[in-house]
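A.B. asks: Got a structure here, written out as structure tokens. Questions coming.
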Amino acid sequence: MSVLKLGYWNIRGLAQASRFMLEYTGVAYNDVLYVQAGPNAPVPFDKSEWFDVKNTLGFEFPNLPYLIDGDLKLTQSQAVMRHIARKCPEKNMFGSNDLEMCAIDTLLGEYSDKKGKMTNLQYSDGVTGAGESFIIGEGSEDMKAHLTKFSNFLGDKEWFVGGRVTVADCCMYEYLFQCFCYAERAQVSNYRIQFPLLNDFCRRFEGLSSIKAYMASERYAMATSGFNNQHAKFR
């Protein structure tokens, strides 16, 4: 079996949920990390480490994240996650029946929408200097509203769908972890206390043996220098 290559920036971004999937499933992979130059580099925020090779790797739609599995080459984060799931079908990472599959698809849609909105503000908001306006005032109420919905969906379940770890848990952990950190950075509130069910879920996820080992590893540190890239207002 070939060793997969997952390509992305050396940040959490759109690839971290896929990394969690790979670690949890035990699928062998190499984390190919591209580094954007910082503000004090000779060419500030230079992305040439990726752009110099972007169109030379044989992708039909060159982009990050990408996944290479032997002769198979694909891009788009959800396509990457679905292929990882197909590498170990016994774990049913995308659900084992229609009800689970629909619930996972719904959660992934919510994850993409909410994370995308937050990430855009983190890159573009120049008012506060770190995108915190998203969780100040009306933004705070919006974030608490959808965290409440996620908490209600989880309820007293151990995992979000089907009583076992799925791709939904990998995505939701990454999003919730960022929400908690974002609120703390903005000194708005401690969402870990406000949403104990979500905090407990995050602790369970972090306590999974494969995830715990990964988060204590050097490769985790190397791949997670920030949530966003160097030019973001909130990293």
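The values are calculated or read from the model by the stated rules, or taken from the named source; none is laboratory data. From a predicted model like this one, the values you see are computed outputs, not experimental measurements. Cβ sites come from the backbone with ideal geometry, for glycine too, and all protein chains shown count toward neighbours. Calculation scope for accessible area: heavy atoms of the full protein, side chains included, ligands and nucleic acids excluded. Shrake-Rupley method; radii C 1.70, N 1.55, O 1.52, S 1.80 Å.
A.B. asks: Charges at C-beta only: +1 for Lys and Arg, -1 for Asp and Glu. How large is the resulting dipole of the chain about its Cα centre, in Debye rounded to 20? Walk me through the numbers before you get to the answer.
C.D. replies: Values: 25 positive and 27 negative charges, 57 e Å.
Result for the chain is approximately 280 debye, rounded to the nearest 20.
A.B. asks: Separate question: Apply the Karplus parameterisation 6.51 cos²θ - 1.76 cosθ + 1.60, with θ equal to phi minus 60°, to every residue of the range 14-28 and state each ³J(HN,Hα) to the nearest whole Hz, in sequence, with x for glycine and proline.
C.D. replies: With the stated coefficients, the range 14-28 comes to 8, 9, 5, 4, 5, 4, 4, 4, 4, 5, 5, 7, x, 6, 5 Hz.
A.B. asks: Continuing with the same structure: Averaging over all projection directions, find the projected area of the Cα convex hull of the range 1-40 and quote it in nm² with one decimal place.
C.D. replies: If you wrap the Cα atoms of the range 1-40 in a convex hull and average its projections, you get 3.1 nm².
A.B. asks: Where the centre of each part is set by its Cα atoms, how far does the range 186-235 sit from the range 52-105, in angstrom?
C.D. replies: With the range 186-235 and the range 52-105 each reduced to a Cα centre, they are spaced 23 Å.
A.B. asks: Indicate, rounded to the nearest 5 percent, the antiparallel portion of the DSSP beta bridges found entirely in the chain. Intermediate results must be reported in sequence, preceding the final value.
C.D. replies: Values: 7 of 13 bridges.
Close to 55 percent.
A.B. asks: Given the options Ser217, Gly163, Leu176, identify the residue whose Cα lies farthest towards the positive end of the charge dipole of the range 134-235 (+1 on Cβ of Lys, Arg; -1 on Cβ of Asp, Glu).
C.D. replies: Positive-most Cα among the choices belongs to Ser217.
A.B. asks: Can you compute the modelled spin-label distance between Ser210 and Ala37, with each label point 7 Å from Cα toward Cβ, in nm?
C.D. replies: Inter-label distance under the simple model: 3.9 nm.
A.B. asks: Compare Arg164, Arg86, Arg19 by solvent-accessible area with a 1.4 Å probe and give them largest first, with all protein chains kept in place.
C.D. replies: Result of the area sort, largest leading: Arg86, Arg164, Arg19.
A.B. asks: Along the charge dipole of the range 4-83, pointing to its positive end and built from +1/-1 on Cβ of Lys, Arg, Asp and Glu, which listed residue (Thr25, Leu4, Thr75) has its Cα farthest out?
C.D. replies: Thr25
A.B. asks: When the accessible area of the chain is split by element with a 1.4 Å probe, what percent falls to carbon and sulfur? It would help to have the intermediate numbers written out before the result.
C.D. replies: Details: 5710 of 11000 Å².
About 52 percent, which is the carbon plus sulfur part of the accessible surface.
A.B. asks: For Lys47, go through the aspartates and glutamates and keep the ones whose alpha-carbon is under 14 Å away, minus same-chain ones fewer than eight residues off.
C.D. replies: none
A.B. asks: Let a ≥ b ≥ c be the square roots of the eigenvalues of the Cα gyration tensor of the range 2-92; is it rounded (a/c under 1.5), or, if not, prolate (a/b larger than b/c) or oblate? The partial results should precede the final answer.
C.D. replies: Numbers: a/c = 2.69, a/b = 1.79, b/c = 1.50.
It is prolate, given that a/c is not under 1.5 and a/b is the larger ratio.
A.B. asks: Please tell me which of these pairs span more than 21 angstrom C-alpha to C-alpha: Lys117/Lys233; Lys91/Lys114; Lys115/Lys144; Lys114/Lys144; Lys5/Lys54; Lys5/Lys73?
C.D. replies: Numbers: Lys117/Lys233 14 Å; Lys91/Lys114 27 Å; Lys115/Lys144 14 Å; Lys114/Lys144 12 Å; Lys5/Lys54 15 Å; Lys5/Lys73 9 Å.
Beyond 21 Å: Lys91/Lys114.
A.B. asks: Right, something else. Mind jotting down the three principal axis lengths of the range 167-217 based on Cα atoms? Whole angstrom, largest first.
C.D. replies: Principal extents (largest minus smallest coordinate, Cα): 33, 22, 17 Å.
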